[in-house]
Amino acid sequence: GARLFKLQILDHDYYEAAAVDQQLRETTVSSRRGTIYDRNMNILAMSASVSNIYLSPAEIVMYDEDPAFIAQGLSNILGIDFETIYEKTQNRASWYSTVVKKVGDEITEQVRAFKEENGLMGVKIEDATKRYYPYSSLASHVIGFVGTDNYGLEGIEAQYDDALAGSAGRTVRATNAFGTDLLLSGFEAYEPGDAGYDVVTTLDSTIQFFVEKHLRQAVEDYDILNGAGAIAMDVNTGAILAMASLDGYDLNHFLDVSDKARQAIDQAESEEEAARLLSEAQSRQWRNKALSDTYEPGSTFKIITLSMALEENAVSLNDSFYCGGSVSVKGRTSPIRCWKDGGHGSQDLTQAVQHSCNVAFVNIGQRIGAEAFYRYCEAFGFLELSQDPDVNLTATTGIDLAGESGSIWWSQNTFCSQKNLSQLAAASFGQTFTITPLQLITAVSACVNGGYLMQPYVVREMLNPDGTLAYERKPTLRRQVISEETSAVVRGILEQVVGDPNDST
């Protein structure tokens with residue numbers, strides 16, 4: 001009586017759970033992964049129904065099925081080597097051995113017909129989904145891709161994986177003592193999962209196409225060896241309209257590498273060397289240069305220096321700057337040279353910007369002063385000040401994409417040293433520090449949009465499976481760096497830089 005009381009009352013829950021575990025088989029059912037759209041609702045990434053084909057070697061033995069016959073039949077349908085499939089039938093203790101994942105409807109129907117015509121219990125078909133990218137390589141570094149298990153691995157697919165993936169469902173079936181489904185038992189429970197959210201990006205596929213087209217042409221025209229990056233941003237909101245990084249890759253075949261890389265891999269002296277070269281080539285092609293690579297911005301940074309100087313009233317439109325071809329700076333043993341031999345002579349502020357004159361901008365930087373220059377660099381998002389004035393500084397924009405690199409800036413004490421003004425001089429025309437292209441375009445946008453530093457972003461909305469709005473991203477203002485009046489002057493000057501020099505209007 002005591003023993004029965006313990007088994008039936010005290011240990012009831014334990015033995016009930018054990019019995020259920022033995023008598024039921026639970027199978028995970030993938031949910032629909034959300035679709036990724038551009039800002040005009042063009043599909044950039046979508047999921048379609050496919051099937052996984054697998055074997056149950058234990059059931060092949062249990063039902064006395066011919067493993068060679070099964071292997072040959074599947075080999076003919078799937079185009080997979082007979083020996084590879086036959087080997088999978090030999091692990092007789094296994095109930096699940098994958099043959100191939102994510103095959104389309106046509107192949108699935110051929111396997112189903114082969115299975116049903118021959119009454120094969122050891123051949124299994126399960127529902128799955130496969131990711132498709134209609135535009136192939138377009139915006140590949142922003143969209144990213146998913147792995148074989150439908151987990152996002154790069155780009156938006158990785159950053160928003162939880163939202164896109166939803167939650168998996170499950171099917172529960174009764175099994176016999178061998179673990180085989182009791183299909184005639186009448187017991188089957190299905191619990192559907194939740195489909196993922198659809199994601200609406202800020203990308204414009206038309207703008208993206210032309211950015212990539214012209215960037216590809218520029219790489220060819222200037223014989224660029226290490227790829228290139230480009231960004232188009234809405235200056236008023238921080239929304240990324242296009243982001244390109246070359247060389248790109250086909251999202252539908254993200255493991256494939258370029259012909260040039262494949263040639264080097266094929267010539268490797270060992271399998272280990274070939275594997276290393278393949279991994280390096282894949283990592284290079286997946287790297288988003290516009291987000292992850294830092295560089296010296298050079299003369300493009302003169303827009304930032306100009307904005308600082310105008311805001312600080314350190315210069316005016318009527319100021320004159322003389323360029324004789326070089327300028328001496330305290331702390332340097334040799335003078336800083338202008339890009340133009342012999343210099344630009346006398347010029348006003350607008351002409352100095354039009355000429356992209358290094359000498360003029362060194363003088364402008366000296367007028368701003370190192371400490372004020374450093375503060376503005378923080379305000380524009382290039383660095384984050386530290387309590388330690390001797391540590392080199394960095395910063396990121398905080399965009400909603402993984403893999404963003406940070407800038408590399410001189411420490412405050414080094415940059416602001418009154419004994420050596422060379423760092424300030426070089427920084428005035430964009431040298432001796434590194435930033436990302438994303439940081440630069442974000443700061444330049446602030447120079448011309450009224451002075452407002454915006455948070456860059458690539459996802460605008462998330463939609464429920466029924467199409468209703470689940471989340472909307474509003475533009476985020478980080479701070480106002482310069483006044484609207486200063487910004488208007490900067491816009492006017494920059495317009496003249498790219499305008500027709502012969503147009504007197």
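The values are calculated or read from the model by the stated rules, or taken from the named source; none is laboratory data. Everything quoted here is computed from the prediction, not taken from an experiment. Here the Cβ is made from the backbone with ideal geometry for all residues, glycine too, and neighbour counts use every protein chain on show. Surface accessibility is based on the protein's heavy atoms, side chains included, excluding ligands, DNA and RNA. Shrake-Rupley method; radii C 1.70, N 1.55, O 1.52, S 1.80 Å.
Within the stretch 134-145, work out how many residues are open to solvent by 10 Å² or more (accessible area, probe 1.4 Å), under 16 Å from TRP286 (Cβ atoms) and either over 9 Å from the mean Cα position of the chain (by Cα) or free of Cβ contacts under 8 Å to residues at least 24 places away in the same chain (or both). First the steps, then the outcome.
Just the residues of the stretch 134-145 that are open to solvent by 10 Å² or more (accessible area, probe 1.4 Å), to begin with: 134-138, 141.
In the following step, the residues that additionally are under 16 Å from TRP286 (Cβ atoms) were identified as 136-138, 141.
Subsequent filtering for residues that are either over 9 Å from the mean Cα position of the chain (by Cα) or free of Cβ contacts under 8 Å to residues at least 24 places away in the same chain (or both) retains 136-138.
Total satisfying the criteria: 3.
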| message | Yes or no: the stretch 198-221 includes at least one residue that is of a type in the set (Gly, Ala, Ser), surrounded by fewer than 19 Cβ atoms within 10 Å (Cβ to Cβ) and under 30 Å from VAL103 (Cβ atoms). | response | no
| query | Across the stretch 242-282, what is the number of residues that are assigned to a loop (DSSP other than H, G, I, E, B) and not hydrophobic (A, V, I, L, M, F, W, C)? | reply | 9
| When MET233 is evaluated against the numbered criteria (1) buried (at least 17 other Cβ atoms within 10 Å of the Cβ); (2) over 30 Å from ARG478 (Cβ atoms), which criterion, by number, is the only one it fails? | (2)
| field | Qualifying residue in the stretch 445-458 (condition: touching a Pro at 6+ places or on another chain (Cβ under 7 Å) and under 30 Å from LEU164 (Cα atoms)) | value | yes
| task | Residue by residue through the stretch 489-501, note down the ones that are out of contact with any Ser or Thr (no Cβ under 7 Å at 6 or more places or on another chain), in contact (Cβ under 8 Å) with a residue 24 or more places away in the chain and surrounded by fewer than 17 Cβ atoms within 10 Å (Cβ to Cβ). | result | ARG491, VAL497, PRO501
| message | Kindly evaluate ALA139 against the criterion of being on the phi < 0 side of the Ramachandran plot and small (Gly, Ala, Ser). | response | no
| said: When you check PRO475 against the structure, is it of a type outside the set (A, V, I, L, M, F, W, C), over 24 Å from GLU296 (Cβ atoms) and in contact with a strand residue (DSSP E or B) (Cβ under 7 Å, 6 or more places away or on another chain), yes or no? | reply: yes
| task | Would you check if GLY365 is more than 20 Å from GLN496 (Cα to Cα), open to solvent by 40 Å² or more (accessible area, probe 1.4 Å) and of a type in the set (Gly, Ala, Ser)? | result | no
| message | Return the pair list, or none, for Cβ contacts closer than 9 Å from residues in the stretch 258-276 that are surrounded by 12 or more Cβ atoms within 10 Å (Cβ to Cβ) to residues that are charged (D, E, K, R), at least 6 apart or on different chains. | response | SER258/ASP247; ALA261/GLU280; ALA261/ARG284; ARG262/ASP256; ILE265/GLU273; ALA268/ARG276; ALA274/ASP266
| note | Counted residues in the stretch 52-65 being within 30 Å of PRO134 (Cβ to Cβ) and either in contact with a Cys (Cβ under 6 Å, 6 or more places away or on another chain) or open to solvent by less than 10 Å² (accessible area, probe 1.4 Å) (or both) come to 1
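Per-residue answers, yes or no, for (1) open to solvent by 70 Å² or more (accessible area, probe 1.4 Å); (2) touching a helix residue (DSSP H, G or I) at 6+ places or on another chain (Cβ under 9 Å):
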| position | (1), (2) |
| --- | --- |
| ASN76 | yes, yes |
| PHE82 | no, yes |
| ILE85 | no, yes |
| TRP95 | yes, yes |
| LYS101 | yes, no |
| ASP105 | yes, no |
| GLU117 | yes, no |
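In the stretch 282-317, how many are within 18 Å of the chain's Cα centre (by Cα) and surrounded by fewer than 19 Cβ atoms within 10 Å (Cβ to Cβ)?
6
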| request: Would you mention how many residues in the stretch 285-323 are more than 30 Å from GLN159 (Cβ to Cβ), in contact with a Leu (Cβ under 9 Å, 6 or more places away or on another chain) and in a loop (DSSP other than H, G, I, E, B)? | output: 5
| Could you list, in sequence order, the residues of the stretch 333-362 that are of a type in the set (Asp, Glu) and either surrounded by 23 or more Cβ atoms within 10 Å (Cβ to Cβ) or part of a helix (DSSP H, G or I) (or both)? | none
| request: Report yes if some residue within the stretch 29-41 is of a type outside the set (Lys, Arg), in contact with a strand residue (DSSP E or B) (Cβ under 8 Å, 6 or more places away or on another chain), open to solvent by 30 Å² or more (accessible area, probe 1.4 Å) and modelled with pLDDT under 90; otherwise report no. | output: yes
| task | Kindly indicate whether any position in the stretch 7-21 is at pLDDT 75 or above and within 38 Å of the chain's Cα centre (by Cα). | result | no
| query | Before we move on, is LEU225 hydrophobic (A, V, I, L, M, F, W, C), within 30 Å of GLY430 (Cβ to Cβ) and open to solvent by 100 Å² or more (accessible area, probe 1.4 Å)? | reply | yes
